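What follows draws every value from the coordinates through simple rules; no lab data is involved. All figures in this text were calculated on a predicted structure; none of them were measured in a lab. Every residue, glycine among them, receives a Cβ derived from its backbone with ideal geometry; neighbour counts consider all protein chains shown.
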Amino acid sequence: MEYYTREMQNKQLPNVHLRKEWDLRVRTWFNQPGRKLRRRNARVAKAAKIAPRPLELLRPAVHCPTVKYNRKTRVGRGFTLEELKAAGITAKYAATIGIAVDYRRKNRSEESLAVNTQRIKDYLAQLIVLPTQAKQRTSEQKQAYQAAVQVPGQVVPLPKVAAAEAPRAVTAEEKQVQAYVTLRKARGAYKSHGIAQKRKAELKEKKANSVKK
């Protein structure tokens with residue numbers, strides 16, 4: 001057999017440098033399984049240490065942000081001061097009995113205020129608070145403490161979402177309702193509320209001045 005080689009002319013011969021020591025520049029993750037086991041053991045040890053206290057703080061039920069997900073409810077960061085006040089406790093006391101407090105969150109509706117206030121009340125109904133001094137603890141409190149079972153998640157579960165309404169025929173009254181026009185009128189009234197009030201006050205002042213003359 002004849003082999004034909006391409007002429008290299010007068011160029012440098014290929015001499016590829018592949019010793020880049022890439023293993024020194026790669027971030028490995030070989031300790032991931034060990035860390036996983038260590039975190040698990042730490043969780044188990046913490047649960048045994050604080051038993052029978054619940055593993056998680058009590059948190060409010062909030063709606064997810066954006067139009068796409070605001071129909072869903074999830075666990076929030078903490079209860080507002082208004083919700084704690086409606087439940088009859090202070091923020092400092094709530095922090096000592098396992099209730100999370102969020103000083104930044106605000107209640108935008110009466111429904112959220114009522115739901116989270118009821119969550120706090122349900123939690124307080126199940127709560128067992130032992131005095132710090134052993135002499136002040138009664139036998140009933142000791143028995144309740146010994147019979148208590150540690151809850152792994154939220155002590156008070158999230159409220160169930162209302163079931164969707166069954167399909168039905170549209171009524172004649174609903175057909176006559178103009179939703180878009182109603183929303184536009186409400187939006188216009190909201191935007192011009194201050195101007196309208198100012199004009200009414202000016203007209204009232206003019207009439208009062210004309211009567212005096």
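Points to keep in mind about this one:
- Estimated from helices alone, the mean residue ellipticity of the chain at 222 nm is -14500 deg cm²/dmol (sum of -39500 (n - 2.57) over DSSP H runs with n ≥ 4, per residue).
- A crude spin-label estimate for the pair Gln143 and Arg168, with each label 7 Å from Cα along the Cβ direction, gives 5.1 nm.
- The range 94-109 and the range 49-69 have Cα centres spaced 11 Å apart.
- Partners for Lys198 among lysines (Cα-Cα distance below 26 Å; same-chain residues under 8 apart left out): Lys185, Lys206, Lys207, Lys212, Lys213
- Computed over the range 1-81, the P(r) curve from all C-alpha pair distances, binned at 10 Å from the origin, holds 12, 14, 16, 18, 10, 8, 8, 10, 2, 0 percent per bin.
- Cubic angstrom per residue, convex hull over Cα atoms of the chain: 594
- Radius of gyration, Dmax [the range 18-133; alpha carbons; angstrom]: 21.3, 72
- Bridging of Lys121 to aspartates and glutamates at a Cα separation below 19 Å is possible for Glu56, Glu82, Glu83, Asp102, Glu110, Glu111, once same-chain residues fewer than 8 apart are set aside.
- Dipole axis of the chain (+1 Lys, Arg; -1 Asp, Glu on Cβ), positive-most option in Asn209, Val156, Ala125: Asn209
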